[in-house]
Every structure is written in structure tokens, then in C-alpha cells.
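Worksheet for the structure shown next.
The values are calculated or read from the model by the stated rules, or taken from the named source; none is laboratory data. Values in this document were obtained by computation on a predicted structure and should not be read as measured data. We place every Cβ from the backbone using ideal geometry, glycine too, and count neighbours over all the protein chains shown.
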Amino acid sequence: MNVIHKFDHFITALFFFIIITVVATSYFTFKEFFAIHNKRQQEAIIPLFSLITSEVISPLSISQYMAKDPFVINYIEQEKIDPQTILVYLQKVAAQYQMVSFIAIEKHNLMIDSNNKRTELNSQKAEWFHRLKKLSQDQYTDIGNAADPHLYFDVKIFNDKQEFIGFIGVAIDLNYFAEKFRQFQQRFGFELFFVDAQDIITLSSNRIMKTESHHRKNELVNINAFPWYQRFIDNRAQGKNTPVVAIGNNELIVSQMPIRELNWRLFIVAPPASKQAEYWQLFFSKLIIFVLVSCVLYFAFAVTINYFKSSLVKDSQIDFLTRLPNRSYIHRQYQQLARAHDNASIIIADVDLFKEVNDKYGHNVGDEVLKVIGKKLTSSLRKIDLSGRWGGEEFIIILPEADAGLAKRIIERIRIDIAEHKFHLPGETAGFFTSVSFGLVQGPLTKSNLQTQIEKADKALYQAKLNGRNRVQVYSESAED
Ligand SMILES: Nc1nc2c(ncn2[C@@H]2O[C@H](COP(=O)(O)OP(=O)(O)OP(=O)(O)O)[C@@H](O)[C@H]2O)c(=O)[nH]1
């Protein structure tokens, strides 16, 4: 029984160990997932700044540098210029920074770029020049070149007298920008929107920049067109300084960053950290389902195990031939009996001359005799009595709280019943009779005295055999002396 209890505990412990391991593993995986997620968000900040620096600030700085270059200022002020000389200058810059560079010289009505494309400033193609010239700022970005759209960084050139004499700058392929920002968005999950003073999205990691055409009329998107921006502005107007913007069921984190050099604003839009709460909710709801399913499985498992276990236990307690409790079961039950009762009569029963039955009628008949006797020995006992096969042709009966007189009367009835039973041989009308001798001892019932009581009962049984068999002999100390 101990082994079976240990087995039960082992299975339960194993089961819960597996559940705890699965839960702990999932928990730590989730934790790690969020740690990585947060780390990635932090990691995204530095590439974001380097992206802005390399793709926006740096072209602007190069343009500003060229606009202040004394060579440029002095040369384009001359009455006669050689476009080839300017081309060489522009190509040097273009080669060094891998951008297209350009200059628009008012005095000579000429725009020239590092690809040696030349345009007259009074032509329709140079509309931008007249538009930007009138504006008060010194530097602008503008999208131009319909066939091959570029973002132009236009910086005004002034002579020594602070008079406007032209524009100079660099231009970057729009598709190049779009690709750079798209890569960043894919890697870190942030959408980027560069917005000019008129709220127009100049650059973006969003699809709107993946345009083949530069015609801004069709492609221009005002930042106000985005619901999240509206909500962002509303939040500000209401004095809420939260970066979290709710759009329907979705939440976004919107950060705003000025790029003063261009009078731009950069909006960084990201899914919020509060999404984590959703993930945790999901995790815990799955966890509850997992635990419930595990419990159901566990109980199904326990019921199955118990079913097999009880039939195994039964088999290990019962004598195969007579279906009576076996010796080891009687030993265990005796302990319980001893706890519940103070005294008992213990009887050892032994089939008389059983060897002869076996020899005469065969072993199978001998088995049948044992089965019938086993049944007769136990059928008329009380619920609290204990009986079983002690071994071979021997049986044991324990009658708690029965004194020797009562026990003897009970056993006498059984003895007569057996002795009067006619055993039939298979296929024959003739039969035979057999008998059983009993040794009986009455005494205190303690956990440790079974062996001594049995020895006494054995002695009484021996006496019964000596006295002619088929009888009940009560043990007495005096008879022993
Ligand atoms: N058929 C059968 N015989 C058994 C079984 N267990 C023990 N026996 C036989 O029981 C017989 C017991 O014989 P003995 O110990 O000589 O005693 P006995 O012939 O009963 O004689 P007394 O006890 O002196 O009356 C042996 O021949 C065993 O082989 C069993 O399960 N089935």
C-alpha cells in the first residue's frame, strides 16, 4: 500500500511539476519577448537620429556650406562665367557626397546640375526659383524634376552686400529616401512623418512617399488628413500631454520633434507599450484555459490510474484459487483490526488428509475442494470478522470481540457444514466427504501478537489432528504444560 501511495504522490508531483515548468517557461519567454521589444525600441532611437542626420541634416549642411563658399559667391558675380568651371565644382561635391548638386544663378539666368543638365531660369521649368526667391527664409526643401523626382535642399546665396544672387544645394532621389525610411519602419516598427511649415508631409516612411511621380498636387498629403494627428492636436488643445492617441480600438504613441534647420517637424508614430497589457491579458487568459484543461486531464488521468490501480491492488490482495484474502492482506488488515478491537479469537483451519484427496482424485478435484471449503468457512461470518487463505490447505479466521465459547460455537457450525458436504467427482455420481480440523485461541488483540497467537492456534490444531481430526480444539496454557 505504501508503494501505491508513493506512486500516487509521484504521479501528482510529476504532473504539477510539468504544469509549473510549462507555465514558468511561457512566463519567462513572454518576459524576454517584452525585454527584447523594449530594447529594440531603445535601440531604434540612435539609428533614428543617425538617419535624420545623414539623410536630412547632412544634405542641408552641405548646401549651406556651398552657399557660403567664397569661390561660388565670387565666381557667379562675375560678368562672364564658364559653365564648365561650375560643372567641375558641382561634380566634385556630387562625387564626394554621392548626391546630385546644383546651382541656380540669377545674373546669368542659368541653372546647372552635376549631371550637366542646364535650364534657363526664366523658363517654366524653373518655377520653383521665382516662388522660393520671394519667400523670407534662407533655405527650403522642395520636390522637383518630374521625370526623376528628387528632394532639393535649396539654400539662398547672398553677395557681400547681402543681395540675393541665386540658389545652391543638393538633391536626393525620393525613392532613395522612401526606401531608407521604409527599412527603418520595417526594422523598428515606427512610422516617420516629416512635415513642413504648411503641415505638408515632405518625407515619410509611409507609402505616400513611394511615388513614381513628383507631381505634388496629386501626392501631397496634409498631416491633418491623418486621424491620429487630429486626435494628437485635440489632446494638446485639451491640455493633455499624453503621447498616447486612441483611434477606435487602436492606440498609438505619437512623438513630435522639431527640425529647426528646415522649419520642419518630425512625427514618430509607434504602437504603444500599453499593448503589452493586452499581451499579458492574452497570456493569462490562455494560462487559465491551460490550467483548466490540465486539471480536467489530471482528473481523467487520476480516474484511469485509480481504476487500474484498484484492480491491481485487488489482485495483489486476493488468493487466485479461492478468491479469499491472501496472507499478506490478512497481515495488513490485522493491524487495523488490532486498532479497533481489544481481543479476538483466532482460528487456523486445516483440511484433513488433503494429500489423500489430491492423490486419489487428482489436483483439480483438490482445488475444487479448497474452493468449496473456503466459501463455507467465510460465508457465515460477520462483517467485522476477517478470514482468508493462510497457505496450502490452511485457512485463518479472526473473530474480534468473540470469546472462546462463542467462537467455538460459530466454528462448530462451519465444521459440521463442511463435514456433511458431499463432493462430487466430474462425470460420476459417486462422491466423497472430507473434513477440517480447527485450532482456536482467544486472547488480546495487539498489533504485534499475531505471530504468537497463530503459534498457539497451530498448537491447538496439532492437538485436534492428534485427537482424531474433524474437530475444534481450543488452546489452553495448561494443556501445553
Ligand atoms: N490441490 C491442491 N493441493 C494443495 C494446494 N496447496 C497444498 N496442497 C496440498 O495439500 C497437501 C497437504 O498435505 P499434508 O501437509 O501432508 O497434510 P494432510 O494430507 O492434509 O494431512 P493432515 O494435515 O495431517 O490431515 C499437500 O499434498 C499439498 O500438495 C492447492 O492449492 N491445491
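What to note about this one:
- Long-range neighbours under 7 Å by Cβ, at least six apart or interchain, first residue touching a residue at least 24 places away in the same chain (Cβ under 8 Å) and under 21 Å from I398 (Cβ atoms) within the stretch 362-379, second more than 10 Å from the ligand (Cβ to nearest atom) and part of a helix (DSSP H, G or I): I373/I418; K376/I414; K376/D417; K376/I418; L377/I414
- Candidate set from the stretch 340-350 (those that are in a strand (DSSP E or B), of a type in the set (A, V, I, L, M, F, W, C) and away from the ligand (no atom under 16 Å from the Cβ)); member that is nearest to A402 (Cα to Cα): A344
- Checking L312 against (1) within 30 Å of K6 (Cβ to Cβ); (2) aliphatic (A, V, I, L, M); (3) within 16 Å of the ligand (Cβ to nearest atom), the condition it does not meet: (3)
- Set I411, I416, I397: member being touching a residue at least 24 places away in the same chain (Cβ under 8 Å) and part of a helix (DSSP H, G or I): I411
- Residue within the stretch 318-339 that is closer than 19 Å to Q473 by Cα, more than 16 Å from the ligand (Cβ to nearest atom) and surrounded by fewer than 20 Cβ atoms within 10 Å (Cβ to Cβ) present: no
- Leading residue by the ranking (farthest from K408 (Cα to Cα)) among those in the stretch 435-448 that are surrounded by fewer than 21 Cβ atoms within 10 Å (Cβ to Cβ) and touching a residue at least 60 places away in the same chain (Cβ under 8 Å): K447
- Pairs meeting the criteria (first residue in the stretch 222-241 and closer than 22 Å to A197 by Cβ, second residue of a type in the set (K, R), beta carbons under 9 Å, at least 6 apart or on different chains) are I223/R265; D234/K240.
- Filter pass, L353 being farther than 20 Å from Q473 by Cβ, surrounded by fewer than 18 Cβ atoms within 10 Å (Cβ to Cβ), within 16 Å of the ligand (Cβ to nearest atom) and of a type outside the set (D, E, K, R): no
- Looking only at residues of the stretch 161-209 that are part of a loop (DSSP other than H, G, I, E, B) and free of Cβ contacts under 8 Å to residues at least 40 places away in the same chain, we find that the one that is surrounded by the most Cβ atoms within 10 Å (Cβ to Cβ) is S205.
- Flag if A430 is among the aliphatic types (A, V, I, L, M) and exposed (fewer than 14 other Cβ atoms within 10 Å of the Cβ): yes
- Every condition in (1) within 20 Å of I346 (Cβ to Cβ); (2) within 11 Å of the ligand (Cβ to nearest atom); (3) surrounded by 16 or more Cβ atoms within 10 Å (Cβ to Cβ); (4) small (G, A, S) holds for G366 except the one numbered (1).
- Just one residue in the set A273, A300, A246 is part of a strand (DSSP E or B), out of contact with any helix residue (DSSP H, G or I) (no Cβ under 6 Å at 6 or more places or on another chain) and either modelled with pLDDT under 75 or surrounded by 10 or more Cβ atoms within 10 Å (Cβ to Cβ) (or both); that residue is A246.
- Residue within the stretch 313-328 that is modelled with pLDDT of 90 or more and closer than 14 Å to L399 by Cα present: no
- G468 fulfils the conditions (1) under 60 Å from the mean Cα position of the chain (by Cα); (2) within 14 Å of the ligand (Cβ to nearest atom); (3) in a loop (DSSP other than H, G, I, E, B) except for a single criterion, (1).
- When Q451 is tested against (1) away from the ligand (no atom under 16 Å from the Cβ); (2) modelled with pLDDT of 95 or more; (3) closer than 20 Å to Y334 by Cα, just one condition goes unmet, and that condition is (2).
- Here K360 meets the list (1) within 60 Å of the chain's Cα centre (by Cα); (2) within 16 Å of the ligand (Cβ to nearest atom); (3) surrounded by fewer than 18 Cβ atoms within 10 Å (Cβ to Cβ); (4) not aromatic (F, W, Y) almost entirely, failing just condition (1).
- Residues of the stretch 112-138 classified as in a loop (DSSP other than H, G, I, E, B) and not polar (S, T, N, Q), total: 4
- Subset of the stretch 345-365 [modelled with pLDDT of 95 or more and among the small types (G, A, S)]: S345, A349
- Within the stretch 374-394, being near the ligand (Cβ under 10 Å from one of its atoms), outside any strand (DSSP E or B) and either in contact with a Ser or Thr (Cβ under 8 Å, 6 or more places away or on another chain) or closer than 20 Å to H341 by Cβ (or both) holds for no residue.
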